[in-house]
Amino acid sequence: MKLLTCPINGSRPIQEFTYGGAVRDMPAPDAVNDEQWGDYVFHRNGYPEVKREWWYHTASGVWFIAERDVVNDVIVRTYLYSKGND
Amino acid sequence: MPYQLLRFAMRKKYPEPRMFRSPDKLRDEYDVVIIGGGGHGLATAYYLAKNHGITDVAVLDQGYIGGGGTGRNTAIIRSNYLTEQGVAFYQRSVNLYADLSRELDFNLFYTKRGHYTLAHSDASMRTMRWRAEVNKHVGVDSEVVGPGFIKKEIPQIDLQCGGHQPPIVGALYHPPGAIARHDAVAWTYARGADRHGVEIHQKTKVTGIEVRDHAVAGVHTDKGFVKARKVLSAVAGWTTHITKMIDLHTPLVIHPLQALVTEPLKPWLDAIVVSGSLHVYMSQSTRGEVVGGASLDPYELISMRSTLDFAESMAGYFVDLFPCLSNVKIMRQWAGLCDMTPDFSPIMGTTPIRGFYIDAGWGTYGFKATPVCGETLAHTIAHNEEHKLIRLFTLARFGRFELVGEKGAASVGH
Ligand SMILES: Cc1cc2nc3c(=O)[nH]c(=O)nc-3n(C[C@H](O)[C@H](O)[C@H](O)COP(=O)(O)OP(=O)(O)OC[C@H]3O[C@@H](n4cnc5c(N)ncnc54)[C@H](O)[C@@H]3O)c2cc1C
């Protein structure tokens, strides 16, 4: 069984979680043109490396961040989001 | 054991002719370099030579040909998509497939089975009706059928799904749905291209793309630099390595897709059966194995590992649909890499780099498109302009917010 550590609930089976995609910065909508906005909306970094991702513990409703190596599925660390650690 | 077979096995020298040559050295320069010896790359090489007389072509593969998605898929061929453009494109591919064994002079075991997409709710019946009407409008054979018809054609099915799932209320029936032998598709396109003079280099990995003045100048490989006027990247689940080399932004995210086969059984299941609600699909191969697959793994992962979760959940759904499978053993399971786009449509054609073309975003549905990809990409490379069947699939569509929504017809991986 694959485990993921929720910062609130501890180590749980990964089936209890929902993947929320990579952590990304949204540009100010008024400051960019349509093409740049399209780049933000659609384009992703699909390159294999360690990534910062949003994960959601479905049972308890906790969103948090996991750093995960998307090549070998090793979770490096998990923590709650707060301004400053982004 | 037949005596002939024994004699064949004992020969010192391999008695069959090789499908294609293995040149031991790369030349310094080619007109066209194709990265990726999957079905798409090899078919493109074949049609470049055959339809456009361009034979100074090298296909490079980091492993062996057909070792990517081409040799890992569940080999379903169909054209019952949701958008008019999608249907027209896939229908061209089905037409090419139907004649491909003759054209390439090799039995590809292309067999029409009939394809059923089961509906377990009113909402999915609505999508089935929508797909049937779009299909019929462009001349593709699809219709909505009720539970009685399904039970008559597939008597082993349990319409109540063992009471564990919502019952089957109907299906989209697509009689031309077919399967073919996927390895043979790669080998015979390779042979066809080779006969026209194309060089196929296995175990040759592209490590960099040389770009000068916004135009492609060649590729770096682990066997040295090769000059080329035109380069196609047809590497499906490896595309994000290539796009990183040239800093090309795409929406591609890679997920694994898993599949399995059971032990071989006497032929009993003629149809291809898909359930979007149960996230499962299956068919029986010519060898008798029941081949099955599911939806994508739920999160990004660039690895071809298999999971017990998958085998367990598939086994459950298999038995929900076909109780007769309850004592059958699973023989193998495996996974492949799927390069996904947000609209479940591919990315094909020109890029901002002159002479550099891309074929990607094939996700879970690219095997059926192999012939039409080859044909349209060859045209695109020869004329430096997208073939009309693929104009909507350009990378630039995302910047223009012009997506080609095929999710409703493509979300269970096949
Ligand atoms: C389990 C599973 C089931 C599927 N079922 C179906 C189905 O039923 N029907 C359907 O239509 N589709 C299906 N698909 C999707 C289909 O398999 C793919 O979309 C299709 O095979 C892609 O073909 P391709 O030629 O583009 O790429 P591939 O066959 O993946 O070939 C890419 C090649 O590029 C090579 N390569 C990568 N990087 C480099 C490099 N840097 N240098 C040199 N070479 C490189 C690789 O070695 C590989 O051989 C399925 C996929 C999976 C995984």
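The values are calculated or read from the model by the stated rules, or taken from the named source; none is laboratory data. Keep in mind the model is a prediction, meaning the values are calculated, not measured. All Cβ positions, glycine included, derive from the backbone under ideal geometry; neighbour counts span all protein chains shown. Side chains included, ligands, DNA and RNA excluded: accessible areas come from the protein's heavy atoms. Shrake-Rupley method; radii C 1.70, N 1.55, O 1.52, S 1.80 Å.
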Between B:E29 and B:H196, what length comes free when the chain is fully extended (0.36 nm per residue of separation minus the Cα-Cα distance, one decimal in nm)? 58.4 nm
Could you look at the protein assembly as shown and say what percent of its accessible area is carbon and sulfur, using a 1.4 Å probe and all protein chains? 52 percent
Where chain B is the region considered: accessible area per residue in Å², 1.4 Å probe: 42 Å²
For the protein assembly as shown, convex hull volume per residue from C-alpha positions, Å³: 179 Å³
For chain B, with +1 on Lys and Arg beta carbons and -1 on Asp and Glu, the positive-most of B:G38, B:P352, B:H120 along the dipole: B:G38
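Under 13 Å from the Cβ of B:K227, count the other residues' Cβ atoms, weight Lys and Arg +1, Asp and Glu -1, and hand me the total.
Summing Lys/Arg as +1 and Asp/Glu as -1 gives -1.
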Just to confirm a number: summing +1 for Lys and Arg and -1 for Asp and Glu over residues other than B:Q4 whose beta-carbon lies under 15 angstrom from that of B:Q4, what do you get? +1
At each listed q (0.16, 0.18 Å⁻¹), what is the log10 of I(q)/I(0) that the Debye formula gives for region B:1-154 modelled as equal alpha-carbon point scatterers? -1.09, -1.22
Over chain B, with a Gaussian network built from C-alpha contacts below 10 Å, which listed residue (B:G399, B:G224, B:G41) shows the highest mean-square fluctuation? B:G399
List, in order, the whole-Hz ³J(HN,Hα) value for each residue of region B:345-357 obtained from phi through the Karplus relation with A = 6.51, B = -1.76, C = 1.60 and θ = phi - 60°; use x for Gly and Pro. 10, x, 10, 9, x, 6, 10, x, 8, 4, x, 10, 10
Just flag the trypsin sites (Lys or Arg not before Pro) in region B:317-378 sitting in loop per DSSP whose Cβ has no more than 16 other Cβ atoms within 10 Å. B:K329
Using only the Cα atoms of region B:101-143, build the gyration tensor, take square roots of its eigenvalues as a ≥ b ≥ c, and label the shape rounded, prolate or oblate: rounded if a/c is under 1.5, else prolate if a/b is larger than b/c, else oblate. oblate
Considering Cα pairs under 8 angstrom that are at least six residues apart, work out the relative contact order of region B:84-242 and quote it in whole percent. 21 percent
Express in nm, to one decimal, how much length is gained between B:R354 and B:D105 on full extension, taking 0.36 nm for each residue of separation and deducting their alpha carbon distance. 86.0 nm
Along the three principal axes, how long is region A:3-85 when you take its alpha carbons, biggest first, rounded to the nearest angstrom? 43, 26, 23
Quick one: Karplus J couplings for region B:229-234, per residue in order, coefficients 6.51, -1.76, 1.60, θ = phi - 60°, nearest Hz, x for Gly and Pro? 7, 9, 9, 10, 9, 10
Return the subset of B:K205/B:K368; B:K50/B:K407; B:K112/B:K407; B:K136/B:K407; A:K2/B:K112 for which the Cα-Cα distance in this structure is over 30 Å, preserving the input order. B:K50/B:K407; A:K2/B:K112
Built amide H within the under 5 Å cut-off of B:G170, gap 5+: B:A119
As I understand it, the dipole of region B:126-207 uses +1 on the Cβ of Lys and Arg and -1 on the Cβ of Asp and Glu, about the Cα centre. Which of B:V138, B:A171, B:I200 lies farthest toward its positive end? B:I200
Proximal charge balance of A:Q36 [Cβ under 14 Å; K/R count +1, D/E count -1]: -3
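Compute for chains A and B the buried accessible surface, both sides summed, probe 1.4 Å, and express it in Å² to the nearest 100.
Values: alone 5990 and 18360 Å², together 22480 Å².
Buried: approximately 1900 Å² between B and A.
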Can you give the calculated 222 nm mean residue ellipticity of chain B, where each DSSP H run of n ≥ 4 adds -39,500 (n - 2.57) and the sum is split over every residue, rounded to the nearest 500 deg cm²/dmol? -8500 deg cm²/dmol
About the Cα centre, charge dipole magnitude for the protein assembly as shown (Lys/Arg +1, Asp/Glu -1 at Cβ), debye: 1440 debye
What whole-number distance in Å separates the alpha-carbon centres of region B:296-332 and region A:26-75? 28 Å
Length-normalised contact order of chain B in % [C-alpha pairs under 8 Å, at least 6 apart]: 23 percent
Run down the aspartates and glutamates and flag those whose C-alpha is under 17 Å from the C-alpha of B:K227, throwing out any fewer than 8 positions away in its chain. B:D28, B:E29, B:D31, B:D56, B:D61, B:E199, B:E210, B:D213
Over region B:234-326, with a single point scatterer placed on each C-alpha, what log10 of the ratio I(q)/I(0) does the Debye formula yield at q = 0.10, 0.11, 0.22 1/Å? -0.36, -0.43, -1.08
Per the Kirkwood formula over distinct C-alpha pairs, the hydrodynamic radius of chain B in angstrom is 22.1 Å
Which aspartates and glutamates, on any chain, are close to B:K266 with Cα under 17 Å apart, when same-chain ones fewer than 8 places away are left out? B:E289
What number, in percent, do you get for the relative contact order of region A:3-85 if the mean sequence gap of Cα pairs under 8 Å and at least 6 apart is divided by its residue count? 28 percent
Taking the alpha-carbon distance from A:K83 and a cut-off under 28 Å, which lysines remain once sequence neighbours fewer than 8 residues away in the same chain are dropped? A:K51
Taking the Cα centre of each part, how many Å lie between region B:1-78 and region B:111-148? 36 Å
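When the helices in chain A are scored as -39500 (n - 2.57) per DSSP H run of 4 or longer and the sum is shared across all residues, what 222 nm value do you end up with, to the nearest 500 deg cm²/dmol?
Computed mean residue ellipticity for chain A: -3000 deg cm²/dmol.
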Above 21 angstrom, tally the Cα pairs of region B:159-247 and express them as a % of all pairs, no decimals. 58 percent
Using a loss threshold of 40 Å², tell me which positions in region B:269-304 are less accessible in the complex than in their chain alone. Probe radius 1.4 Å, ligands and nucleic acids ignored. B:Y299, B:E300, B:L301, B:I302
Rounded to a whole number, the mean other protein chain Cβ count within 10 angstrom for residues of A:45-58 is 3
From the phi angles alone, apply the Karplus equation (6.51, -1.76, 1.60; θ = phi - 60°) to region B:290-303 and give each ³J(HN,Hα) in whole Hz, x where the residue is Gly or Pro. 8, 9, x, x, 9, 8, 4, 4, x, 9, 4, 6, 9, 8
